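The values are calculated or read from the model by the stated rules, or taken from the named source; none is laboratory data. Model, not experiment: these values are computed from the prediction. Quick reminder, even Gly has a Cβ in these numbers, built from the backbone with ideal geometry, and neighbours come from all protein chains shown. Each accessible area value is taken on the protein alone, full model and side chains, heavy atoms only, with ligands, DNA and RNA left out. Shrake-Rupley method; radii C 1.70, N 1.55, O 1.52, S 1.80 Å.
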Amino acid sequence: MAPPANNLLISCILFCCLIAVSEAEAQPSFRPKALILPVTKDPSTLQYLTQINQRTPLVPVKLALDLGGQYLWVDCEQGYVSSSYKPAPCGSAQCSLANSKSCTPGCNNNTCGLMPENTVVTRTSPSGQFGQDVVSIQSTDGSNPGKIVKVPNFLFTCGATFLLDGLAKGVKGMAGLGRNKISMPSRFSAAFSFHRKFAVCLTADSGKGVVFFGDGPYVMLPNVEISKSLIYTPLIINKVSTASAAFAGEPSSDYFIGVNSIKINNKVVPLNTTLLKINKEGLGGTKISTVQPYTVLETSIHKAVVTTFAKELSGVPRVAGVGPFELCYNSVGIGSTRVGPAVPQIDLVLQSSNVYWRIFGANSMVQVKSGVLCLGFVDGGVNPRTAIVIGGHQVEDNLLQFDLAASRLGFSSSLLSRQTTCSNFNFTSTA
């Protein structure tokens, strides 16, 4: 439950007392073509985590990665001290960019407010102070890390401490990569005038995955250039916000794609295809998420996928389901391939029959315990807001490029087929 409004006001006042406002900072002279953030997977929560350096003096801030998140937000109630923080005054260009419709008491006169959200547990603060501060991040040439660069006035929102509930240990906020003008990809591209593109490559193991801000190349060891062999599909705008709280008329910042059908072993799964379209209320369709650990399917779609998959793998002994999964097998009866367990491939068929996102065993199956493999798709209930939410496990070791200017998604399918993984970016040597 959100704290009472007067508590939020007190927290804001306390926060403001800790901050000395700096009016100017030199613009960077080095203009990178792309930037990188390392991404790790927290084994206890299955959340994907990254870290930025923020404030003056710079301090490391651990964040949960939220692909559809509207913006960067951090906890400002506990120990936020910075000489370079600047609030965004009501009526300012920054507030207009954020489409803020609220004005809250701030350090200097009134400050425009947004509603930061913990999308892992769907918890929202009714008021978050919008402002800007210094952020530093590493540049890249696509193959190696480069110079550290600073953005002096990086926009973000202050969240309340209670929003951290349910996030991994040590996390102080969320890195929103969503489809709007104040998300992290939009702000980095604006700061350095590079392409409005970013790419996400999540790792399935204890290594480091990577987020690239900017255009390719995206090179993984041993010298595998991913961006030249992507398959493309349009990104679809959901005109209705999918956030738990939003201003009237705001579109969704989530990334939707047009899945027209699902095939398993090239057999069409019988579905109510109406669910695959976004209706005028913003319900239905398919989006990609990094806060859902596994793909979540509307109940009838889940039942059809499980039934069809089971028929195609009927020769393997089944075992009791292991929550949250329904369909599980004795793994002794399943062979191994370069792209994971030897099970039927699942194709998400997109704008035409020859454009599809193929999901191999490494992304479809989850080893829940020794000797047991389960189909890693979860029943999302009868009336979910979104019919298909493609979760983290299904996109691990797949590179996804989001081209905001062209409104399209480029995807690699499993990098395992190219004898590399998302943990193979060379973070150890500099360009």
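Peptides 406-412, 40-46 ranked from most to least packed, by the mean per-residue count of other Cβ atoms within 10 Å: 406-412, 40-46.
Taking amide H atoms as placed 1.01 Å from N in the peptide plane, the amide H of Thr290 lies under 5 Å from those of Leu67, Gly68, each 5 or more residues away in sequence or on another chain.
For the chain, a Gaussian network of Cα nodes joined below 10 Å ranks Gln51, Gln132, Gln78 by mean-square fluctuation, and the top entry is Gln78.
Quick check on the stretch 162-221: take the gyration tensor over C-alpha atoms, sort the square-rooted eigenvalues as a ≥ b ≥ c, and tell me if it's rounded (a/c under 1.5), prolate or oblate. Oblate. By the equivalent-ellipsoid construction on the alpha carbon gyration tensor, the stretch 256-356 comes out with semi-axes of 26, 16, 13 Å, ordered largest to smallest. Separation of the stretch 128-206 from the stretch 259-304 is 29 Å, based on Cα centroids.
With all protein chains in place and a 1.4 Å probe, the accessible surface of the chain carries 53 percent carbon and sulfur.
Here the chain carries DSSP beta bridges of which approximately 90% are antiparallel, counting only pairs with both residues inside. Normalised per residue, the accessible area of the chain is 41 Å², obtained with a 1.4 Å probe and no contribution from ligands, DNA or RNA. The listed peptides 30-37, 149-156, 306-313, ordered by packing as a protection proxy, come out as 149-156, 30-37, 306-313 (highest mean of other Cβ atoms within 10 Å first). Directionally averaged projected area (the chain, Cα convex hull): 20.2 nm². When the square roots of the Cα gyration tensor eigenvalues are ordered a ≥ b ≥ c, the ratio a/c for the stretch 115-221 is 1.5 or more and a/b does not exceed b/c, which makes its shape oblate. When the Gaussian network model of the chain links Cα atoms closer than 10 Å, the mean-square fluctuations of Leu67, Leu230, Leu399 top out at Leu230.
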